[in-house]
Amino acid sequence: MAAFQERVFSGVQPTGNLHLGNYLGAIKRFVELQDRYECIYCVVDLHAITQPVSVWGGPKELASNIREVTAAFIACGIDPKAHIVFNQSQVHEHAELAWIFNCIARMGWLNRMTQFKEKAGKDRENASVGLYAYPCLMAADILAYRATHVPVGEDQKQHLELTRDIAQKFNNDFAERIAELGYTDGFFPLTEPLISGPATRVMSLRDGTKKMSKSDPSDYSRINLTDDADAIAQKFRKAKTDPHPLPADEKELEKRPEAENLVGIYAALADKTPADVLREFGGAQFSTFKNALVDLSVAKLGPIGGEMKRLAQDPGYIDGVLADGAGRAQVIAAPVLQAVKDIVGFVRR
Ligand code: AMP
Ligand code: TRP
């Protein structure tokens, strides 16, 4: 992929209740990648409205959630000056490229998307067209910057495969024209997903077989980034476990989803491996391990929640970050979209 400049892109939806899964699976990784790559982090508000208004909460809630995700990015350690932080709707190139991708992607590809099936549920006739086309918009987010690396949680793997399929089909369908215009390695890169570490799929604290999610009706199922020390302690103490002490061997853990989840969370927060954690806590009762987990979580998440609350008092600053980021994002995306239009054959002004 020598022809492509290395660049990281990722997005988080402003749909409220940012939680430990979002942090460990995504935002913490975003922070770590800043040293090695040029990074673009996007609050994907166009994706948020693919669900019914009752889910994303209406105009006031959307605006407040956009600012909250931005505050979380900054509070977790993303540097909006060295990198780019913005909200999707301010850069119209995303929606425009998504339309072109709607015409590249095949119905059959989208019909296989498991997230659509989960979110649409039984009443598929009543799902928005936007929810169906969601993965094409996600591909546009990434490819408007010709991004080469995308850090996400495990649940986004299938969408990233579709992004590669779209890039490949575009490169193939227009291969001759792309070569004529001087691109030697295809126009779009085949983006690499970055999904690794002990917490790519953080599970609900109430049920170790269900993903921790923003939309779970029980607040006890998740640790929110804005939870205070008391809430964190209460939620971990009530977290479902089994009656046995922690095993010493990682293989044993696989059969015990709740134990595996808590060990994975501890490992990710401590920047260790699950094997390291079992070396320390193998044979311990859950009560002992949970106390250590609460202390570690409060130490790591407390400052983030505090900073988010402080930033919530300063929406002017947040809006400034988003406007500045959108301007710099557009400088990259606009020429990419113009090249796409030239490749497809649209006549320029
Ligand atoms: P979303 O809130 O759906 O926009 O997700 C934002 C990011 O968090 C994506 O990269 C997701 O893959 C990641 N994510 C969401 N839930 C979890 C979870 N339970 N465990 C790990 N990563 C997650
Ligand atoms: N679909 C992602 C999620 O729900 C959010 C997202 C939108 C995204 N566009 C993206 C993630 C581009 C990575 C890259 O988590």
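Exposure proxy for Phe170, Phe346: other Cβ atoms within 10 Å of each Cβ, ordered fewest to most, give Phe346, Phe170.
What ranking do Asp249, Asp141 get, fewest neighbouring Cβ atoms within 10 angstrom at the top? Mind dumping the intermediate values first?
Values: Asp249 10, Asp141 27.
Ranked by crowding around the Cβ, least crowded first: Asp249, Asp141.
Taking Lys and Arg as +1 and Asp and Glu as -1, the other residues whose beta-carbon sits under 12 Å from that of Arg124 total 0.
With r defined as the distance between the Cβ atoms of Asp207 and Asp249 and R0 fixed at 30 Å, what FRET efficiency is calculated, to the nearest 0.05? Present the calculation step by step, with values, prior to reporting the outcome.
On the way: r = 24 Å, r/R0 = 0.80.
That gives a FRET efficiency of 0.80.
DSSP bridge analysis restricted to the chain gives an antiparallel fraction near 10%, rounded to the nearest 5.
In this Cβ point-charge picture (+1 for Lys and Arg, -1 for Asp and Glu), the chain has a dipole of about 540 debye about its Cα centre.
Scanning the chain for long hydrophobic helices, with DSSP H runs required to stretch 30 angstrom or more by C-alpha along their axis and to average at least -0.5 on the Kyte-Doolittle scale, returns 286-312, 315-344.
Output the relative contact order of the chain, whole-number percent, from Cα pairs under 8 angstrom with separation of 6+ residues.
Values: 516 pairs, mean separation 81.2, N = 349.
After rounding, I find 23 percent.
Across the stretch 234-349, the relative contact order, built from alpha-carbon pairs under 8 Å that are at least six residues apart, equals 23 percent.
Once backbone amide H atoms are built at 1.01 Å from N, Met203 has Met212 as its partners under 5 Å, excluding neighbours fewer than 5 places away on the same chain.
Residue order for Tyr220, Tyr132, fewest other beta carbons within 10 angstrom first, comes to Tyr220, Tyr132.
Read-outs: derived from the displayed coordinates by stated rules, not from any lab. What you see is a predicted model; the values in this text were computed from it and never measured. Methodologically, a virtual Cβ is constructed for each residue, glycine included, from the backbone with ideal geometry; neighbour enumeration extends over all protein chains shown.
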